[in-house]
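Colleague: Input: one structure, supplied below.
Please treat every number below as a calculation from the coordinates, not as lab data. Just so we're clear, the structure is a prediction, and the values are computed from it rather than from any experiment. Reconstructed Cβ throughout: ideal geometry from the backbone, glycine too, with neighbour counts over all protein chains shown.
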Amino acid sequence: MDTAVLRVGWDYGYFARWMQVSADNELGMNSEFGHLDDPYPFPSDAHFMQRALDLAARAASLGEVPVGALVVVRNTIIAEAFNRRELDHDPVGHAEVIALRKAAHRLRRWRLVSATLYVTLEPCPMCAGALVNARVDRLVYGASDPKAGAVESLYEITTDPRLNHQVKIQGGVLAKQASEQLRSFFRHRRSVK
Ligand SMILES: [Zn+2]
C-alpha cells in the first residue's frame, strides 16, 4: 500500500517536471526562433535542423559524407542518425533510413504517421521511397541535391499522387550551412587524395 502511494507520488512529480520542461522548451524555441519574419512556417524547424547539422558534422569527423537526420514526434526527438555507409559497409546506410528504422523500433510500429523527418540534404530516391513507405507526415530538408534529389530536384517521389502516401515537404531550411558543410568535406577530401 505504502509502496503504491509512493509510486503514484513519484510518477506525479515526474509528470509535473516533464510538463515544466516541455513548457520551457516550447517557450525557449518560440522566443529564440519564432520571429514574425521567420522564413519557415514552423518556428522549431531551424532548431531541429541545427541538431541534424551537428550529426552531419559528426559523420564528417568519421570520414563519412556529412548528412545528418532526425525523427521528431510532437516536438520530441525520437531518433537521430548520420550517414554510415563507410563505417558499416552498407549501401543503404543513409542517415534517413537509419533514423526511420531507429524511430520505428523505439515506437514499436513501422507507420510513422505523426513524424517529421529532418535531414540536411534532399533525400535520394531510396530515402524518398523509405519516407513514403514509413508514412512519414512531414519532411524538412536543408540543401537541394541537383544530382540525386528525389523530392523536388530529379524526381518528386514524396508527393507523387500515384503512390499511396504523400509527404508534406519543406526544403531550404539552413540550406546554406548544409551545403557549405558538404562543400568543405569534399574540398578537404580532394586535398588529401
Ligand atoms: Zn538516401
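Colleague: Mind listing the phi-derived Karplus ³J(HN,Hα) values for segment 96-112, rounded to whole Hz, using 6.51, -1.76 and 1.60 with θ = phi - 60°, and x for any glycine or proline?
Modeller: Result, rounded to whole Hz: 5, 4, 5, 5, 5, 4, 4, 4, 5, 4, 5, 7, 6, 7, 7, 7, 9.
Colleague: For segment 71-193, report the translational diffusion coefficient in µm²/s to the nearest whole number, using Stokes-Einstein at 10 °C, 1.306 mPa s, and a Kirkwood Rh over Cα pairs.
Modeller: 107
Colleague: Return the Cα extents of segment 64-122 along principal axes one, two and three, sorted largest first, each rounded to a whole Å.
Modeller: Cα spread of segment 64-122 along its principal axes, largest to smallest: 31, 21, 15 Å.
Colleague: Okay, next question. Express the C-alpha Rg of segment 99-143 as a ratio against the empirical globular expectation 2.2 N^0.38 Å, rounded to two decimals. Each step should come with its number before you reach the end.
Modeller: Numbers: Rg = 10.0 Å, N = 45, 2.2 N^0.38 = 9.3 Å.
Segment 99-143 yields a ratio of 1.07.
Colleague: Place +1 on the Cβ of every Lys and Arg and -1 on the Cβ of every Asp and Glu in segment 99-193, take the dipole about the Cα centre, and give the residue among Q181, A150, C124 whose Cα lies farthest towards its positive end.
Modeller: Q181
Colleague: What is segment 46-87's relative contact order, in percent, from Cα pairs under 8 angstrom and six or more apart in sequence? Intermediate results must be reported in sequence, preceding the final value.
Modeller: Numbers: 65 pairs, mean separation 14.7, N = 42.
Contact order relative to length: 35 percent.
Colleague: Can you tell me the convex hull volume per residue for segment 126-193, based on C-alpha atoms, in Å³ to the nearest whole number?
Modeller: For segment 126-193, the hull spanned by Cα atoms encloses 89 Å³ per residue.
Colleague: Per-residue HN-Hα couplings for segment 58-73, Karplus 6.51 cos²θ - 1.76 cosθ + 1.60 at θ = phi - 60°, whole Hz, x for Gly and Pro?
Modeller: Ordered by residue, 3J(HN,Hα) equals 5, 4, 4, 5, 9, x, 9, 4, x, 9, x, 9, 8, 10, 10, 10 Hz.
Colleague: To make sure I understand, if each residue's beta carbon is the centre and we count other beta carbons within 10 Å, what order do H89, H47, H105 fall in, fewest to most?
Modeller: Numbers: H89 8, H47 18, H105 12.
Least to most surrounded, the residues fall as H89, H105, H47.
Colleague: Restricting to DSSP loop positions (anything but H, G, I, E, B) with no more than 16 other Cβ atoms inside 10 Å of their own Cβ, which GluC sites (Glu not before Pro) remain in segment 87-193? Working shown, then result.
Modeller: Values: sites: E96, E152, E156, E180; in loops: E152, E156.
Answer in residue order: E156.
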